[in-house]
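Presented below is the structure to which this report refers.
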Amino acid sequence: MDYAKLLRFLNDSIDPSGKSGRHIVRFLQPSHYYEFIRQWFKYRHKYPALQSIRSSPLLQALFCPLRLQDGQMDSEPGLYVESDSTISVNSPASRTKERATEIPWGVKRIGAPEVWSVSTGHRIRIAVIDTGADYNHPDLRYSLARGIHLLNRASLPHDDNGHGTHIAGTIAAAGGAQGMIGVAPRSLIYPVKAFDHNGSAYVSDIILGIDWCIRNRMHIINMSFGMKSTSISLKNIVRKAHEAGVVIVASSGNDKKQRTADYPAKYAQTISVGATNRDGKVASFSNYGPYIDIYAPGEKITSSWLGGGHREMSGTSMATSHVSGAIALLLAARPNLTPDEIKQRLRRTARPLAGSLPRGRTRPGEVSAVRLLRAKTSRRRQS
């Protein structure tokens, strides 16, 4: 590989504003990536525009704001180039509520309070790749670790949207008598702010977030977002996280469609989550069908919001946070389970959904923290 030529080309093609488009440039050989990085540092003063490039050592990739014509880098040997697409959080509806001082219905529905005498998710590290979190919220005072702000590395990942705070509250709020309680109140949330105030991010931000999660040994990654098209680079970093033993929980999307799910939930290495309502039926907005691994409460879910308040929201995002919390309860009691074993256990112990199916057909059920923990206990008794 001609590194000098590649450095010159990237330097001349950089558009720091990002208005010309953003691209992911992945090296097919790790040795080529590391040699490029070495050359980049060696000549960084000669090519100042390259300061706009970010990199992922785990993916061996560069994230570049480039002015590229179609096919301009296709002939470059040893490189794979794709557009850096946008991705959005999955939550279609919300309304403000008064301060909550009780256990939300979804937390009760999955039976979390019934297992708190056995597990509260103590010391389980959950990364929430989202819009950040409200570090001043009373419900989250003891639930938040430092995390990372991918859009401004010098800052704490403060939430300027609300979505990430809502997700964090359902998973791990510990507000006591003056606030709400989440599914796993003694688990620890690491906010990974990849999304801006509009709830929008680039795939490259998600990749950098997953890269950070792997290196910082997260147990669970909550991904309450999705997009319609796949990304080879995103798929590869999700696979690396799975191989590292990280459990990835992703929202399936809110398109009311049967045989589909958003990416990254559609990848086999994730746990794909659909939403249910108070009646235990699939919520009207939720995707459903064979790409769903598990369902959880996702309609009219009250959780933490910006400014110390609470908000009711609906979406598969909300369902995903219930599943992440339930997995935290399980991992605190059974820390050696692999991601694949956890997915199998979730499906095997799920509560059947309300409504009938034609004879001989089965479908995923609704998550049950009680059954998850009981399955663990019964196995011990047999041994």
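The values are calculated or read from the model by the stated rules, or taken from the named source; none is laboratory data. Computed from a predicted structure; not experimentally measured. So basically every Cβ, Gly included, is an ideal-geometry build from the backbone, and we count neighbours across all protein chains shown.
Quick notes on this structure:
- Matching option when the condition is touching a residue at least 60 places away in the same chain (Cβ under 8 Å) and within 20 Å of residue 59 (Cβ to Cβ), among 248, 271: 248
- Tally, over segment 240-254, of residues that are buried (at least 24 other Cβ atoms within 10 Å of the Cβ), not in a loop (DSSP other than H, G, I, E, B) and not small (Gly, Ala, Ser): 3
- Scanning segment 108-144 for residues that are of a type outside the set (Gly, Ala, Ser) and assigned to a strand (DSSP E or B) gives 125, 126, 128, 129, 130, 144.
- Segment 121-149, subset surrounded by 23 or more Cβ atoms within 10 Å (Cβ to Cβ) and in contact with a Lys or Arg (Cβ under 6 Å, 6 or more places away or on another chain), residue farthest from residue 176 (Cα to Cα): 132
- Subset of segment 274-287 [closer than 12 Å to residue 353 by Cα and in contact (Cβ under 8 Å) with a residue 40 or more places away in the chain]: 274, 275, 276, 278, 279, 280, 281, 282
- Scope segment 145-165; condition touching a helix residue (DSSP H, G or I) at 6+ places or on another chain (Cβ under 7 Å) and assigned to a strand (DSSP E or B); matching residues: 148
- Subset of segment 83-103 [assigned to a strand (DSSP E or B), surrounded by fewer than 16 Cβ atoms within 10 Å (Cβ to Cβ) and at pLDDT 70 or above]: 83, 86, 88
- Within segment 265-300, the set of residues being under 19 Å from residue 338 (Cα atoms) and surrounded by 24 or more Cβ atoms within 10 Å (Cβ to Cβ) comprises 265, 270, 271, 272, 273, 293, 294.
- The number of residues in segment 260-289 that are of a type in the set (A, V, I, L, M, F, W, C) and either closer than 29 Å to residue 334 by Cα or not in a loop (DSSP other than H, G, I, E, B) (or both) comes to 6.
- No other residue among 83, 13 is under 22 Å from residue 211 (Cβ atoms) and touching a residue at least 12 places away in the same chain (Cβ under 8 Å) apart from 83.
- Any hit, segment 176-194, residues being free of Cβ contacts under 8 Å to residues at least 60 places away in the same chain, within 15 Å of the chain's Cα centre (by Cα) and either in the same structural domain as residue 22 (by TED's automatic domain parsing) or crowded, with 21+ Cβ neighbours inside 10 Å (or both): no
- Of residues in segment 1-31 being assigned to a helix (DSSP H, G or I) and of a type in the set (D, E, K, R), the one nearest to residue 44 (Cα to Cα): 8
- If you check 62, 6 for being within 32 Å of the chain's Cα centre (by Cα), of a type outside the set (S, T, N, Q) and at pLDDT 90 or above, only one passes: 62.
- Selection status of residue 257, part of a loop (DSSP other than H, G, I, E, B), more than 21 Å from residue 325 (Cα to Cα) and without any contact (Cβ under 8 Å) to a residue 60 or more places away in the chain: yes
- From the options 153, 146, 186, residue that is touching a Gly at 6+ places or on another chain (Cβ under 7 Å) and among the basic types (Lys, Arg): 186
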